Structure formats: structure tokens, C-alpha cells
Amino acid sequence: MTDPIELMLADLSQRYAEMNVSNAFLRLYESGARFGRAFASFHERLNGHFEAINDRARTTKHYWAENSREMLALTREVNDFLHSVKQAGIEVHFTQSYAAAMSGCQSWLAHSGGSAVPDDFEQIEIIKYAPVFSCPGTEIRLKKSAERIQLQLIGEGSYAKVFSFTDTDYGIKFALKRAKDGLDERDIYRFRKEFEILKELSFPYVLQVFQFDENRNEYKMEFCEFTLRNYIKRRNSRLAFSSRKRIALQFLYGVNYIHGKNLLHRDVSLQNVLVKTFDDGAVLVKLSDFGLVKDRNSEYTRTRTEMRGTIRDPLLASFKEYDVCNEIYAIGWVLSYIFTGREALMSGANAPSQIVRKCTAHDVAERYQSVRELIAAVEKLEAAPTNTDAPA
């Protein structure tokens with residue numbers, strides 16, 4: 001049997017689903033998934049009236065007829081909404097100063113002929129940057145420290161710098177990627193697009209991003225202690241083959257995931273694969289730096305024709321023609337480093353060397369045709385290879 005309370009709440013939510021509300025107010029109610037848009041709409045319209053009433057109280061002492069009727073209707077709408085959700089057992093907190101201001105205006109607003117603003121009217125303090133509606137039973141308040149946090153530079157590329165910092169709200173270390181000053185419009189677009197793509201991806205082996213700052217052209221992301229190059233370089237002499245295989249598979253799972261989203265990374269390298277470590281020695285491999293990513297579904301991909309990326313396939317004539325076979329070539333170089341710790345292609349006769357040679361074959365038809373096919377080959381590696389191409 002259909003629950004009448006749920007039907008009523010669904011209707012309330014749907015009523016505001018298509019209502020035009022500015023982002024300036026929607027952002028204040030992002031945590032209120034069900035009624036956030038309704039709260040944002042009330043807040044925006046109340047602010048519009050309160051600001052106008054404040055102005056008329058200072059000047060003509062008269063509030064227009066149409067606006068008076070709109071404010072009275074808005075008051076009824078807010079009160080009816082709050083009454084309905086209360087009947088459903090949902091507690092909504094309405095900031096006292098705004099509730100009092102709305103009620104106070106109701107006492108002198110007229111339905112016709114305009115409204116005379118009382119001589120003893122007190123200016124309403126406008127709230128723009130904090131919510132005035134909330135559901136206390138479904139929210140917590142996070143502290144927001146005013147402490148200035150020192151950023152530590154941990155990496156730098158052609159277009160951006162990467163810093164680390166500890167968020168005092170959570171006690172967690174994050175990374176921050178900031179576009180360099182002086183970038184042209186195209187590179188700023190590329191930087192913003194990188195964030196937007198990463199924000200849409202959700203996979204254990206792809207770097208997670210959190211928040212973009214439009215004013216400073218920077219965004220926050222999860223912190224990883226090492227690049228793949230540094231992680232293996234520090235442990236190369238004692239890193240077991242089984243560990244190398246796990247790292248290789250995590251890396252390949254990440255690339256396979258983005259290929260499944262019809263994305264090509266186009267800059268797979270030892271610097272753009274990160275490693276997150278844990279106390280027990282476990283690691284998570286994370287694909288990062290999607291600045292050159294190509295969406296194969298897109299009819300128009302902003303890219304330059306000159307060759308870009310760290311590991312370049314010698315068979316690729318134009319960067320616009322970059323495809324899976326060229327990504328496989330770069331993957332082969334990364335796999336070679338994972339298994340040996342050397343920045344040179346494996347050349348031995350063992351199974352890992354054969355996989356790397358197939359990735360980097362001079363005839364693209366001889367290469368693996370998909371990362372899924374490559375994963376199957378690596379998963380079959382069961383024992384440590386012979387001493388040929390052993391770790392350095």
C-alpha cells in the first residue's frame with residue numbers, strides 16, 4: 001500500500017525540482033538533497049523582498065502593491081511547507097531572525113494599494129552566505145578553522161604546481177593542484193576540463209578529486225605519497241615479484257576502467273601513476289594527471305596537433321590520431337619499469353619481457369588490441385621470471 005506521507009513529501013520535492021534558483025543559493029543547501037532546492041528558492045526570494053523593503057524603509061516608506069502581494073504569498077508558501085514537513089515528522093529549523101522578519105512584515109503588508117512601511121521598522125540583517133533553513137536531525141556542523149594552513153610544494157609541471165596540506169577539519173592530508181599564472185585561455189580550459197573529467201570518475205585506481213576554486217584555478221584531490229617511479233626506485237632491490245604483479249594489475253585495471261568510459265589518457269607515464277601507501281605495507285595505485293585526456297565520444301576534442309605526452313609512440317604521426325594502440329605502447333614502458341625498476345624496455349626471454357615486447361611492437365597490429373587482453377596476460381604470470389631482466 002502506498003504511504004500517503006511519502007506521496008506528500010514527493011509532491012513537495014517535485015514542486016521545486018524545475019524551479020529556477022541561482023547557484024549562489026543552491027550551493028548553501030547542497031547537503032539537503034530532498035528539500036535543498038525548495039530551501040534555496042525560499043531563501044533567494046526572501047532576500048529579494050527583504051533587501052527591497054530595507055531600501056523602501058530608508059526612502060519612500062512605501063512597498064509596492066504587487067511586491068506586497070508576492071511577499072504575503074511567499075509567507076503563506078513557506079509556512080505551509082514547514083507545516084507539511086512537520087506533519088511528516090521532519091524537523092526543519094528556520095533561522096529565528098528570518099522567521100521574525102517574515103512574520104513582522106506580514107503584520108503591515110496590504111493586499112492592495114501598496115503597503116506603508118512602519119516608522120519603527122528596523123532594518124533586516126540580510127543573510128547571503130549561510131543557510132537559513134536546515135534539518136538538524138540529518139546534519140552535523142563541521143568546524144571551519146580560521147587557521148591559515150601552510151602549503152608544501154611537492155611537484156611541478158608545465159602547467160601547474162602540486163602542494164600538500166593537512167585539513168584541520170578532518171585531520172587528513174590532501175593535495176592541491178594549482179594552475180600556474182600566465183596560462184592562456186586554452187590551457188586554463190584544459191586544466192578545468194581535467195578536474196571535470198576526474199570528478200565524474202569513481203574507481204579505486206583513479207585519483208579522486210573534491211573541489212574546484214574558480215577564483216584561484218585550483219582543486220583539491222586525495223594525497224598520494226609517491227609517484228610510481230619513486231616508489232619502485234626506493235624499494236627496487238627488495239620488491240618481490242608478487243608485489244610487482246599486483247602493482248601492474250592495479251595500474252592496468254585503472255587504465256581499463258577509463259577506456260571503458262571511452263577516455264584515452266594520452267600521458268601514461270611513471271610520473272602520472274601515483275602510489276598511496278598504508279601502514280601494513282599495502283598500496284593503491286592511482287592514475288592521475290588527465291590534462292591530455294581524449295574523449296572518444298566527443299566530436300570535438302580540444303588538442304594541439306604537435307606530439308605531446310611523456311612516452312611517445314614512434315609510430316604515431318599526429319597527436320589527434322592517438323588511439324588505444326598508442327596507449328598500449330606507453331603502458332608497455334610503464335610495465336617494464338614495474339617489473340625491473342629500469343627505465344629501459346625489457347629485452348629478455350621471460351614472460352614479462354614477452355608482454356612488454358608485444359605492447360611496444362613496431363607493427364601496431366601485433367600489439368595487444370585492448371587493455372583487457374593485456375590484463376589477461378599479466379594475470380597468467382604465476383611465478384618469478386628468470387634472472388634475465390632481473391630488477392636493478
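Computed values, structure above
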read-out: Taking VAL117, VAL364 and counting other C-beta atoms within 10 Å, the order from fewest to most; value: VAL364, VAL117
read-out: Proxy reagent accessibility, fewest Cβ within 10 Å first, across ARG266, ARG58, ARG69; value: ARG58, ARG69, ARG266
read-out: Reach of LYS61 by Cα under 19 Å, taken over aspartates and glutamates that are not fewer than 8 positions away in the same chain; value: GLU51, GLU70, ASP119, ASP120, GLU122, GLU125
read-out: For the chain, Kirkwood radius (reciprocal of mean inverse C-alpha pair distance, Å); value: 25.6 Å
read-out: Using distinct alpha-carbon pairs, which all enter the 1/r mean, Kirkwood radius of the stretch 76-121 in Å; value: 12.5 Å
read-out: Compactness index (Cα Rg / 2.2 N^0.38 Å), the stretch 226-379; value: 1.01
read-out: Under 13 Å, Cβ to Cβ, from CYS224 - net charge with Lys/Arg +1 and Asp/Glu -1; value: +2
read-out: Summed side-chain charge close to CYS359 - residues other than CYS359 whose Cβ falls under 11 Å, Lys, Arg +1, Asp, Glu -1; value: -1
read-out: Computed magnitude of the charge dipole of the chain (debye, nearest 20; Cβ of K, R +1, Cβ of D, E -1); value: 1500 debye
read-out: Out-of-range pairs (alpha-carbon distance over 32 Å; input LYS173/LYS358; LYS180/LYS286; LYS161/LYS233; LYS220/LYS261; LYS86/LYS128); value: LYS173/LYS358
read-out: Cα centre as origin, Lys/Arg/Asp/Glu Cβ charges: the stretch 4-138 dipole, Debye; value: 100 debye
read-out: Which of LYS61, LYS177, LYS380 has the fewest Cβ neighbours within 10 Å, and the rest in rising order; value: LYS380, LYS61, LYS177
read-out: Net lengthening on full extension, LYS358/THR95 (0.36 nm per residue, minus Cα-Cα); value: 88.1 nm
read-out: Listed residues SER237, PRO204, SER134: farthest to the positive end of the dipole of the stretch 133-243 (Cβ charges); value: SER237
read-out: Around LEU74: net Lys/Arg minus Asp/Glu count, Cβ-Cβ under 11 Å; value: -1
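Only the coordinates and a few stated rules stand behind these numbers; no lab work does. Keep in mind the model is a prediction, meaning the values are calculated, not measured. Heads up, the Cβs are rebuilt from the backbone with ideal geometry, glycines too, and the neighbour counts pull from every protein chain shown.
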